[in-house]
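The values are calculated or read from the model by the stated rules, or taken from the named source; none is laboratory data. For clarity, every value in this text was computed on a predicted model and none was experimentally measured. Here the Cβ positions follow ideal geometry from the backbone for every residue, glycine too, while neighbour counts run over all protein chains shown. Just so you know, the surface numbers come from the protein's heavy atoms only, side chains and all, with ligands and any DNA or RNA stripped out. Shrake-Rupley method; radii C 1.70, N 1.55, O 1.52, S 1.80 Å.
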Amino acid sequence: MMTTTPAVTKLRGRSFVFGDNIDTDIIAPGNTISFGLGDKFEEEDVKRNAFKALRPGFYKDVRPGDILVAGRNFGLGSHREPANKALVSLGFRAVIAESVARLFFRNAVAIGFYVFQVPGILQFVREGEELEIDVDGAMLRNLTQKTELALEPFSPLVRRIVERGGILEVLKDRLAASQPRA
């Protein structure tokens, strides 16, 4: 039996703005994920150390639902999945960047995390502004400035994976659907 999760149609949160070339070592420093245990202790350590090189104590400022905005080449580097998971553990619901490393985007989709590429985004958003992402309407609204910007919609496949919560959930659904009914 396939389970479904209600599709998210709007994301809303405060903006945290970073510049260009934010790599995965800045997002999740290697010395915080070297053991790969993936347990709550490691998750908390990664969270406390996320972005520490640029903003010590950053984890204290982020609230669930906030949106990270960045310049070019967001997520470049080693492309480890813990960098994507660090954003989730901090409370971010989405990243909007001028451009995103291909493997970072792929890892985000795999864990059900929204990442949008929007050229010119740093001219549209300042730190602390209230943003709303209309996933259905492919629109970004800056509620503070009362402006909006079109987003490139996800392909149907990417959207299905992200909305379901990641590739593992899609595969679980597929497996459940293939099981004979009792």
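Does the stretch 31-39 include one or more residues that are of a type outside the set (V, I, T) and either touching a helix residue (DSSP H, G or I) at 6+ places or on another chain (Cβ under 6 Å) or at pLDDT 90 or above (or both)?
no
How many residues are of a type outside the set (A, V, I, L, M) and out of contact with any helix residue (DSSP H, G or I) (no Cβ under 8 Å at 6 or more places or on another chain) if we restrict to the stretch 67-79?
So the count comes out to 2.
So the check is Cβ under 9 Å with 6+ separation or different chains; which pairs have a first residue in the stretch 11-33 that's more than 13 Å from L76 (Cβ to Cβ) and touching a residue at least 24 places away in the same chain (Cβ under 8 Å) and a second one that's open to solvent by less than 10 Å² (accessible area, probe 1.4 Å) and acidic (D, E)?
From the stretch 11-33, the pairs are G13/D66; R14/D66; S15/D66; F16/D66.
Give the residues of the stretch 146-182 that are under 27 Å from E129 (Cα atoms), within 23 Å of the chain's Cα centre (by Cα) and open to solvent by 60 Å² or more (accessible area, probe 1.4 Å), sorted by residue number.
If the condition is that a residue be under 27 Å from E129 (Cα atoms), within 23 Å of the chain's Cα centre (by Cα) and open to solvent by 60 Å² or more (accessible area, probe 1.4 Å), then E148, A150, E152, P153 are the ones that fit.
Does R164 satisfy the criteria of being touching a helix residue (DSSP H, G or I) at 6+ places or on another chain (Cβ under 8 Å), in contact (Cβ under 8 Å) with a residue 60 or more places away in the chain and of a type outside the set (V, I, T)?
yes
State which residue is surrounded by the fewest Cβ atoms within 10 Å (Cβ to Cβ) when the search covers only the stretch 41-96 and only residues that are among the aromatic types (F, W, Y) and out of contact with any strand residue (DSSP E or B) (no Cβ under 6 Å at 6 or more places or on another chain).
Applying the filter and picking the extreme gives F41.
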